[in-house]
4 protein chains.
Amino acid sequence: MKIQWPHCSTHKSFASDNNSGIHPAILDAIQRANHGHFVAYGDDPYTQEALRVFKQIFGASTETFFVYNGTGANVTGLSTITKTFHSILTTDTAHIVCDECGSPEKMTGCSLKQLPNTLGKLSPRQLYRFLEYKGIEHHSQPKVVSITQATELGTVYTPEEIKEICDFAHQNNMYVHLDGARIANAAATLHLPLKAMTMDCGVDVLSFGGTKNGMAYGEALVFASPDLAADALFVRKQHAQLASKMRFISAQFLAYFDQDLWLQNATCANRMAHYLKSAIQSQLPEVRIAKPVESNAVFVYLPKNKAPLLQKESFFYPWDQDSSEYRWMTSFDTTEQDIEEFVSRMKKILSS
Amino acid sequence: MKIQWPHCSTHKSFASDNNSGIHPAILDAIQRANHGHFVAYGDDPYTQEALRVFKQIFGASTETFFVYNGTGANVTGLSTITKTFHSILTTDTAHIVCDECGSPEKMTGCSLKQLPNTLGKLSPRQLYRFLEYKGIEHHSQPKVVSITQATELGTVYTPEEIKEICDFAHQNNMYVHLDGARIANAAATLHLPLKAMTMDCGVDVLSFGGTKNGMAYGEALVFASPDLAADALFVRKQHAQLASKMRFISAQFLAYFDQDLWLQNATCANRMAHYLKSAIQSQLPEVRIAKPVESNAVFVYLPKNKAPLLQKESFFYPWDQDSSEYRWMTSFDTTEQDIEEFVSRMKKILSS
Amino acid sequence: MKIQWPHCSTHKSFASDNNSGIHPAILDAIQRANHGHFVAYGDDPYTQEALRVFKQIFGASTETFFVYNGTGANVTGLSTITKTFHSILTTDTAHIVCDECGSPEKMTGCSLKQLPNTLGKLSPRQLYRFLEYKGIEHHSQPKVVSITQATELGTVYTPEEIKEICDFAHQNNMYVHLDGARIANAAATLHLPLKAMTMDCGVDVLSFGGTKNGMAYGEALVFASPDLAADALFVRKQHAQLASKMRFISAQFLAYFDQDLWLQNATCANRMAHYLKSAIQSQLPEVRIAKPVESNAVFVYLPKNKAPLLQKESFFYPWDQDSSEYRWMTSFDTTEQDIEEFVSRMKKILSS
Amino acid sequence: MKIQWPHCSTHKSFASDNNSGIHPAILDAIQRANHGHFVAYGDDPYTQEALRVFKQIFGASTETFFVYNGTGANVTGLSTITKTFHSILTTDTAHIVCDECGSPEKMTGCSLKQLPNTLGKLSPRQLYRFLEYKGIEHHSQPKVVSITQATELGTVYTPEEIKEICDFAHQNNMYVHLDGARIANAAATLHLPLKAMTMDCGVDVLSFGGTKNGMAYGEALVFASPDLAADALFVRKQHAQLASKMRFISAQFLAYFDQDLWLQNATCANRMAHYLKSAIQSQLPEVRIAKPVESNAVFVYLPKNKAPLLQKESFFYPWDQDSSEYRWMTSFDTTEQDIEEFVSRMKKILSS
């Protein structure tokens, strides 16, 4: 059979950071690990080294498990620390609520309590009323608070905010899950080591994202302690998240951490978001910034009549059709030139 | 952070075909697809071309969905065509029964009926008694027959055998799922086009494996018709099997089918299994061949007292400790020299 | 073994209508059906007659299944008409959200969207935004709107309100489930036949309650058509809701409908709620009525410092501790004298 | 509405013990508990006394939960002590395998390993091979052995046999669940106290049946210790097995244990099975006894050509159509006269 290899070239997209490809150093690592035979499912030297690195970053008592993707990390993490009669308290904008096609409910059996967000964030104040449910058989038992960092709205929790949520949770025999699909972007904003903004604040389970920040595939699930991780080995396999040729995920993570590539990538993406914001403010008066820019997302209000034309010119997603709010995202490989071109194309349509 | 890149070299392993790496042409395809930005989750030209190729191979009415791995393909396929009160009739050696940590039960909610195998195979004779359950609410309703090709014992169903199972199933309002983790090896044995040995026999859902035969990750789930596939889009996402940067799975499949690389790889693996069998028969009289060699697995009886030493020399898996049966597998990249070295190392221990 | 039969007598409770016992005519029906042997699981003349009666009440095309309790009815009904990737749109006060310990999520696998209620009710206005999710694999697919009648806040939907919700649902390929744990009380308020306020409005699946209105146990699940009910037989069994000695549920329903006992019971309970409201207004000035009294619930604001003493005198449940709101309920067997005594006991404490 | 109360009289059935009705003393207990108001869901004096009685019977450290039916007891018990990646080792004739429409798989998520039975029984010999799976993520982790007493084939485990299974389980960090839908019949055969044949042998979770032996509905789930029962409160509710008017289940159990009614009932049923066996042997030479009669079931081989006529005369269930094996069961209310009439009716057809 003869294949027709696609010939295509594209502008950089501002629709999502996952429209980007693989960082060259990460692809190179896949190549370097591609020799000989190694025991499958993680019993190989690349995985051993990568797991060692995760312990070095997050603490000696942590336990890490590699999975395929973000939803896989979230539901495997949540299943590992819950029973079906538990509930998970989170925001109404959470990825686990809105963007995983009900995977958390099906895979954990838990109830997701969808609380109103404040710029994508949750506050302990919102959680107190669920304490009344504790011990009463008619109610799902509150067990996990799940937050996202950076949030789905591009904002970033301070370590103090996270610590306050974790303290509340632990005082009430609950756990905190952090969906870190974009934790690198949050770290770049906070200028803090990864441990300081997660495990040191009390986070129990972390979905550590890689794919949106330069990897081809693969995420890591980090548990704060061996006790929390006790069932993770089996839950990961039962959830079909165990990679047979795991060395190729592990090798990517090795390159990801080598010379802080992860942080360089995220810093670049964030910087480009701020550059985009400035360019909008100076060149696109019809466009209003909708949310504080704290990571690599820029939420904007677009003129209702022009929005479809802009999307046609360069596809991006609506956030709230009613208020004509849209999301633009930058990526690890976005350049100043990409932004200038994008803004110029938007400008052309807006001023026509 | 400074990473210590593992320095390691290994002998080829005979433990499993998934101990191998990525075929160079497939890695090259990942590289070629790694430019620019493309819409995530499959709306890219590589995926479009790969889906076109699958239609060309399996028929215009088929619908294909890419997933991460074999277990993901099996449970997503089975969930898509069942309801929780259905039962799935399969063998007691099936991967879905033995090697997926209960993923099918959890993800489908179905009951798995584990029927005695004959050299890894199922026969329609074994299925008749389940027809009595039809329509009676006390019993899981038989809905799917699941078979594996090549089987977990390395044997290969003839197209006639598959057709007979499919005819039985369809006459009784049931479906046939084929776990094709090693379907390439079966095709290399049967010298038949993929369609002739699957959809043309009546297979309804096919888990089409790639990872064991030269890919880094990624499998395809092929449904015989759009009706069967109606829910697959959502089930795949809910099962956390939807890759964001899907173009890198798709590009692998393009290389996999280009110039029939898949068939060359499988043919090589099969040929090496036969070569290994011959070498055993001529050079290792203490080792008995336990099963017919029909694909890339060689099942052997080893002397009980020597088996642990042999495993220590070059790790491989036991199949049945009681009868001292073990499994040796060849891979797409196994060479005659690898086999000669392996047999020579085994011989040294056996004759010591 | 010698048993110590409890000797106890109690005041009537205003905590919940399920604190009551069995109406004498219903217990009598159990006794009348208690002779000889009948085929188990529903193939008996009592069940046949009861099913005939349900068809007569709700329409010839309906199909009814008896189950044990309200949660069983709700989750069996919802499972029958959903797939795991569907979502169920309902209020944040719904019994399925708050009071079933996450049974709907575990048993259906679906996501429950918990929308803000207006006096316990939902309006189609709140549902439009979920239509954007249709066909997009990242989101649970909206499939069912679930409402409660009478609502958890004691209010009653008008038939027009229900029809509007059903029309919206049907126009968008969705279903409506009605949790009718207290539908008898709603019927007594609306002065309408059961069919006119359910199936005639477009309700697809009805959990028809009996236990709170004079039965010992047993509820009915009514589907608007055989198509909707196609899987119910198996789902009921798989959910452990199939009674072996079903004739004793069926006999209860026969008595329940005989001479409209169900309506007499509900009318009595409702009348007593209004009597209680009047008594409060005339005799307990410290107590404010919190919600419109439309069925058999009276929500009240109690003085914060006195509430615990009142609960100690005669136990009842808090509704919202912050606002000091509590719920008092009347039952089919509540009498004017019971209310007078209750109000008098409350008064004594409030004025002390 | 006017109801047509069925007028019907029937012969006693030999199809199943659940075709019988309610023992008069048990119905009387329902009536005696039917006065006044009591807190729902079990916080009433009847339930308190019944739970005290269960502690007295099974030991002070046991914890009991009332549920609606046998499937409810089995799946609630199994869910309480398992995680989804566990497997449950049982026989291929087990009720949980054959007769619960896949409820255990859906509700627990576990894999059921269906081992060949010997006269309905399991032996520890069959379990050893699953120990190899322990700790290996590819395999469901063996966690529970589930046996039935009396078995589905009417045979009875000796306490020694049960103890041997429990010892094996506990030595390997596993639990034993006993499906005691007919445990009363086994007790009547063994002439042993209930505790001696269950908890004293090491049983961890017991589904204690009542419905087949004279109750209207209701079973008890008995855990050997508070630790084992820690989650049962919530699992029961989530499984829709929590009765609101629980006093009516509890009152039945009070009557059930009063003056050992349970044992009288079971002894009667067993005695009638032996009487039936004798009558067959002396009067129906064409009928062969197929299994040892050890409780209240009599398995028989019937002449193939006559079996349908016999079933038409008095309905009963086939066990194995191929070998023309059928099951006849006696009940707590079966009399010698019932048997004589039944045998006489069978004889008439067999000799025609």
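The values are calculated or read from the model by the stated rules, or taken from the named source; none is laboratory data. Small disclaimer: the values here were computed from a predicted structure and weren't measured. FYI the Cβ positions are ideal-geometry reconstructions off the backbone, even for glycines, and counts take in every protein chain you see. SASA here: full protein model, heavy atoms, side chains in, ligands and nucleic acids out. Shrake-Rupley method; radii C 1.70, N 1.55, O 1.52, S 1.80 Å.
For the stretch A:302-311, does any single residue satisfy the condition of being surrounded by fewer than 14 Cβ atoms within 10 Å (Cβ to Cβ), more than 14 Å from every other protein chain (Cβ to nearest Cβ), without any contact (Cβ under 8 Å) to a residue 40 or more places away in the chain and part of a helix (DSSP H, G or I)?
Checking the stretch A:302-311: at least one residue is surrounded by fewer than 14 Cβ atoms within 10 Å (Cβ to Cβ), more than 14 Å from every other protein chain (Cβ to nearest Cβ), without any contact (Cβ under 8 Å) to a residue 40 or more places away in the chain and part of a helix (DSSP H, G or I).
Looking at the stretch C:212-241, which of its residues are of a type in the set (S, T, N, Q) and crowded, with 24+ Cβ neighbours inside 10 Å?
Of everything in the stretch C:212-241, those that are of a type in the set (S, T, N, Q) and crowded, with 24+ Cβ neighbours inside 10 Å turn out to be C:Asn213, C:Gln238, C:Gln241.
Report yes if C:Phe299 is of a type in the set (Phe, Trp, Tyr) and farther than 30 Å from C:Arg345 by Cα, otherwise no. Break it down stepwise before answering.
Details: of a type in the set (Phe, Trp, Tyr): yes; farther than 30 Å from C:Arg345 by Cα: no.
It is false that C:Phe299 is of a type in the set (Phe, Trp, Tyr) and farther than 30 Å from C:Arg345 by Cα.
Quick one: what pairs do we get from the stretch D:5-31, first residue among the β-branched types (Val, Ile, Thr), second surrounded by fewer than 19 Cβ atoms within 10 Å (Cβ to Cβ) and not in a helix (DSSP H, G or I), C-beta under 8 Å, 6+ apart or different chains?
Partner pairs satisfying both residue conditions: D:Thr10/C:Gly36.
May I ask you to list the residues in the stretch A:124-138 that are of a type outside the set (Asp, Glu), free of Cβ contacts under 8 Å to residues at least 40 places away in the same chain and open to solvent by less than 40 Å² (accessible area, probe 1.4 Å)?
A:His138
Filtering the stretch B:83-94 down to residues that are of a type outside the set (Gly, Ala, Ser) and within 14 Å of chain C (Cβ to nearest Cβ), which residue is nearest to B:Glu132 (Cα to Cα)?
B:His86
Testing B:Pro318 on (1) in a strand (DSSP E or B); (2) surrounded by 18 or more Cβ atoms within 10 Å (Cβ to Cβ); (3) at the interface with another protein chain (Cβ under 10 Å from one of its Cβ atoms), one condition comes back false. Which one is that?
In the conditions (1) in a strand (DSSP E or B); (2) surrounded by 18 or more Cβ atoms within 10 Å (Cβ to Cβ); (3) at the interface with another protein chain (Cβ under 10 Å from one of its Cβ atoms), B:Pro318 misses (2) alone.
Could you tell me whether A:Thr84 is in the same structural domain as A:Leu194 (by TED's automatic domain parsing) and hydroxyl-bearing (Ser, Thr, Tyr)?
Yes; evaluated as a whole, the condition is true for this residue.
When you check D:Phe65 against the structure, is it touching a residue at least 24 places away in the same chain (Cβ under 8 Å), within 8 Å of another protein chain (Cβ to nearest Cβ) and farther than 30 Å from D:Leu310 by Cβ, yes or no?
Criteria not met by D:Phe65.
I'd like the residue in the stretch A:16-36 that is assigned to a loop (DSSP other than H, G, I, E, B), surrounded by 21 or more Cβ atoms within 10 Å (Cβ to Cβ) and at the interface with chain B (Cβ under 7 Å from one of its Cβ atoms) and, out of all such residues, is nearest to the chain's Cα centre (by Cα). First the steps, then the outcome.
So the first thing to find is which residues in the stretch A:16-36 are assigned to a loop (DSSP other than H, G, I, E, B), and the list is A:16, A:20-23, A:34-36.
Still in the list and also surrounded by 21 or more Cβ atoms within 10 Å (Cβ to Cβ): A:16, A:20-23.
Of the ones still in play, those that are also at the interface with chain B (Cβ under 7 Å from one of its Cβ atoms) are A:16, A:20-22.
On the way: A:Ser16: 12, A:Ser20: 15, A:Gly21: 16, A:Ile22: 17 Å.
Among those residues, the one meeting the criterion is A:Ser16.
Scan the stretch C:165-210 residue by residue and report those that are free of Cβ contacts under 8 Å to residues at least 40 places away in the same chain, buried (at least 24 other Cβ atoms within 10 Å of the Cβ) and within 24 Å of C:Gln252 (Cα to Cα).
Scanning the stretch C:165-210 gives C:Leu178, C:Gly180, C:Ile183.
B:Phe332 - would you say it is buried (at least 20 other Cβ atoms within 10 Å of the Cβ), outside any helix (DSSP H, G or I) and more than 12 Å from chain A (Cβ to nearest Cβ)?
Considered against the rule, which asks whether it is buried (at least 20 other Cβ atoms within 10 Å of the Cβ), outside any helix (DSSP H, G or I) and more than 12 Å from chain A (Cβ to nearest Cβ), B:Phe332 comes out as no.
In this structure, does B:Tyr68 turn out to be surrounded by 24 or more Cβ atoms within 10 Å (Cβ to Cβ) and under 21 Å from B:Ala186 (Cα atoms)?
Values: surrounded by 24 or more Cβ atoms within 10 Å (Cβ to Cβ): yes; under 21 Å from B:Ala186 (Cα atoms): no.
No, not satisfied.
Please go through the stretch C:82-103 and pick out each residue that is in a loop (DSSP other than H, G, I, E, B), open to solvent by less than 10 Å² (accessible area, probe 1.4 Å) and not hydrophobic (A, V, I, L, M, F, W, C).
C:Glu100, C:Gly102
So that you can scan it fast, the table gives a plain yes or no per residue for (1) more than 9 Å from every other protein chain (Cβ to nearest Cβ); (2) free of Cβ contacts under 8 Å to residues at least 24 places away in the same chain; (3) under 21 Å from the mean Cα position of the chain (by Cα); (4) over 23 Å from A:Met246 (Cα atoms):
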| residue | (1), (2), (3), (4) |
| --- | --- |
| B:Ile81 | yes, no, yes, yes |
| B:Ile96 | yes, no, yes, no |
| B:Ser103 | no, no, yes, no |
| B:Gly109 | no, no, no, yes |
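Which condition does B:Leu284 not pass, out of (1) facing another protein chain (nearest Cβ under 9 Å); (2) touching a Lys or Arg at 6+ places or on another chain (Cβ under 7 Å); (3) surrounded by fewer than 23 Cβ atoms within 10 Å (Cβ to Cβ), if it passes all the others?
Answer for B:Leu284: the failing condition is (1).
Can you tell me which residue among D:Val39, D:Val53 is β-branched (Val, Ile, Thr), open to solvent by 10 Å² or more (accessible area, probe 1.4 Å) and within 7 Å of another protein chain (Cβ to nearest Cβ)?
None of the other options fit; the residue is D:Val39.
Among the numbered conditions (1) assigned to a helix (DSSP H, G or I); (2) over 20 Å from the mean Cα position of the chain (by Cα), tell me where A:Ser61 comes up short.
Status for A:Ser61: all satisfied but (1).
For C:Gly77, are the conditions met, namely being touching a Leu at 6+ places or on another chain (Cβ under 6 Å), more than 14 Å from chain B (Cβ to nearest Cβ) and outside any loop (DSSP other than H, G, I, E, B)?
Spelling it out, C:Gly77 is indeed touching a Leu at 6+ places or on another chain (Cβ under 6 Å), more than 14 Å from chain B (Cβ to nearest Cβ) and outside any loop (DSSP other than H, G, I, E, B).
May I ask you to say which residue of B:Leu276, B:Leu261 is within 30 Å of B:Gln337 (Cβ to Cβ), in contact with a strand residue (DSSP E or B) (Cβ under 9 Å, 6 or more places away or on another chain) and open to solvent by less than 30 Å² (accessible area, probe 1.4 Å)?
Of the residues listed, the single one that is within 30 Å of B:Gln337 (Cβ to Cβ), in contact with a strand residue (DSSP E or B) (Cβ under 9 Å, 6 or more places away or on another chain) and open to solvent by less than 30 Å² (accessible area, probe 1.4 Å) is B:Leu276.
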